[in-house]
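Step one of this worksheet: look at the structure below.
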Amino acid sequence: MKVLIVGGGGREHALAWKLSRDDPTLELIAAPGNPGIASVARCFPVAVDKHKELAHLAEDEFVDITLVGPELPLEGGIVNLFQSRGLPIFGPTREAARIETSKRFAKDLMVRAGIPTARASQHSDARAAKAALAEFSSPVVVKASGLAAGKGVVVAQSTAQAERAIDALLSDRVFGNAGREILIEEYMDGEELSLFVITDGHQALPLLAAQDHKRLLEGDFGPNTGGMGAYAPTSLATPELISRVMSEIVRPTLSAMRDAGSLFKGLLYAGLMITDDGPKVVEFNSRFGDPETQAIMPLMDSSLLELIAAVAGGGSLSRARHPEWKNLSAVTTVVAAAGYPDKVRTGDVIQLPAAEEGVVVFHAGTAIDPATNQLVTAGGRVLAVTAVASGLLEAAEVSRNHAERVSFKGKQLRRDIGWRELTRGARVT
Ligand SMILES: Nc1ncnc2c1ncn2[C@@H]1O[C@H](COP(=O)(O)OP(=O)(O)O)[C@@H](O)[C@H]1O
Ligand SMILES: [Mg+2]
């Protein structure tokens, strides 16, 4: 079997790493990949938005299944194109991916289907949006409807801050068309949880829930990022909670997608807020999350490849083996470049510590400098260091210590990944 992975970040490295373990005879190729992915796959320099070139690559290389990592090609219709050429691909169509690419579409769907989520009003006119602020108490959340690379959401502590966010999106168009429509949302209090399900559009199999760390600074302060670390499992995700999320959120969402004529196949990522009133949806994503994937793949004991192959091949998951998990904990510490998440500096030479038992270093924003042949920084999030151990505390220490020993100029990392869970544990004992 031969698989093409589209993407070149830490998530795609973790997926490639897992697939290569599921079947050591598997042939893996990646586009564009990165220097870490190159250790398990042959990389082709094709960008993720070059859908036709990617389809040619899949045809020329006799690829059996294509797995799409990032959201951009999904929004651009890569799945539609591959399907029209009879190329098996794992991921939702452009229409189904609207659950991520249009927060407005997702909110309408949730309201229609009675899925628990924050109350919201939708606007494309700044004056009307500001007037609507009166219907919400502070803090209030202002969101661009479209894809804004994790930067289109402001949790405003005051009306003035909310008004500035409205002006930035609707009047100044800082995110272009992604901010042509906005949502004003009620603020939900609680802890966030990421739940991924693999689905054929009807059946859905949940993966291990994880908790992300969105803020740049320790203690969850500072600006939002793509994610500075993750851990799993979390005691927040009790079996009762997961079964509630499956019955109140995931299954009704898949059913509403079918009703909307957009069968959702692939990976549905439910971003949840666990409130006093139960789990509510913050947002959906239409693909694996980064860095949660880097934390959960090393814990997965059963085959990911089997599930991906079943869905991409147009089969059903009804007889698929349910995912199984190691009875261990994983902590992923992201090592980010100087300047992240604003103006990222690239080209700093990276030195990696010696390999360590129980640690996997996933590459995200790295490159080989062609002039010097050295490994250098090439993106905001440079590496994701995952440690697996029998307990969370140990996994956190090993991950942090290994990440501390990565060296490059201006390196940034959080040394408190897993802190919510670790302090919860302290309260219990
Ligand atoms: N209604 C809400 N209540 C509280 N926090 C929110 C709410 N909506 C978003 N957030 C916060 O903002 C972050 C980003 O919002 P999200 O809807 O996930 O958009 P995106 O990931 O596309 O930037 C969330 O992870 C959460 O921390
Ligand atoms: Mg999000």
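Considering all different alpha carbon pairs of region 96-210, the Kirkwood hydrodynamic radius works out to 15.1 Å.
At full extension, Trp325 and Asn401 could sit 24.9 nm farther apart than now, given 0.36 nm per residue minus the alpha carbon distance. When a/c reaches 1.5 or more, the comparison of a/b and b/c decides; with that in mind, is region 223-279 rounded, prolate or oblate per its Cα gyration tensor? In terms of gyration-tensor shape, oblate. Here the Debye sum runs over all C-alpha atoms of region 187-252 as equal scatterers in vacuum, and log10 of I(q)/I(0) at q = 0.14, 0.15, 0.17 Å⁻¹ comes out as -0.51, -0.57, -0.71. Annotation: Cα Rg of region 276-356 relative to the compact-globule expectation 2.2 N^0.38 Å equals 1.56. Reported to the nearest whole Å, the Cα centre-to-centre distance from region 165-231 to region 78-156 is 11. Net length available on complete extension from Gln351 to Ala149 is 69.9 nm, with 0.36 nm assigned per residue and the Cα-Cα distance removed. P(r) tail for the chain: Cα pairs beyond 27 Å make up 51% of the total.
Over all distinct Cα pairs, what is the inverse of the mean 1/r for region 191-312, reported as the Kirkwood hydrodynamic radius in Å?
In region 191-312 this quantity evaluates to 15.0 Å.
Sorted ascending by nearby beta carbons within 10 Å, beginning with the fewest, Val79, Val40, Val388 become Val40, Val388, Val79. Cβ crowding within 10 Å ranks Thr253, Thr423, Thr332 as Thr423, Thr253, Thr332, fewest other Cβ atoms first. Remark on region 329-422: hydrodynamic radius 13.4 angstrom, per the Kirkwood mean of 1/r across alpha carbon pairs.
For region 29-152, the average shadow cast by the Cα convex hull is 10.5 nm², which is a quarter of the hull's surface. Note on Lys214 and Asp189: their simple-model spin labels are 1.8 nm apart, each label 7 Å out from Cα toward Cβ.
Quote the Stokes-Einstein diffusion coefficient, in whole µm² s⁻¹, for region 68-126, based on the Kirkwood radius over alpha carbon pairs, a temperature of 25 °C and a viscosity of 0.890 mPa s. If you can, show how the numbers build up before the last one.
Numbers: Rh = 13.0 Å.
Using the Kirkwood radius from Cα pairs, D works out to 189 µm²/s.
Rounded, prolate or oblate for region 131-192? Axes are the square roots of the Cα gyration tensor eigenvalues, ordered a ≥ b ≥ c, and the cut-off for rounded is a/c under 1.5. Because a/c hits 1.5 or more and a/b fails to exceed b/c, region 131-192 counts as oblate.
With only the Cα atoms considered, region 2-91 has a convex hull volume of 78 Å³ per residue.
Measuring between their Cα centroids, region 292-316 and region 365-429 lie 24 Å from each other.
Computed over region 281-327, the P(r) curve from all C-alpha pair distances, binned at 10 Å from the origin, holds 21, 45, 33, 0 percent per bin.
We did not get these values from a lab; they are worked out from the coordinates using the rules stated. Source: prediction; values computed, not measured. Reconstructed Cβ throughout: ideal geometry from the backbone, glycine too, with neighbour counts over all protein chains shown.
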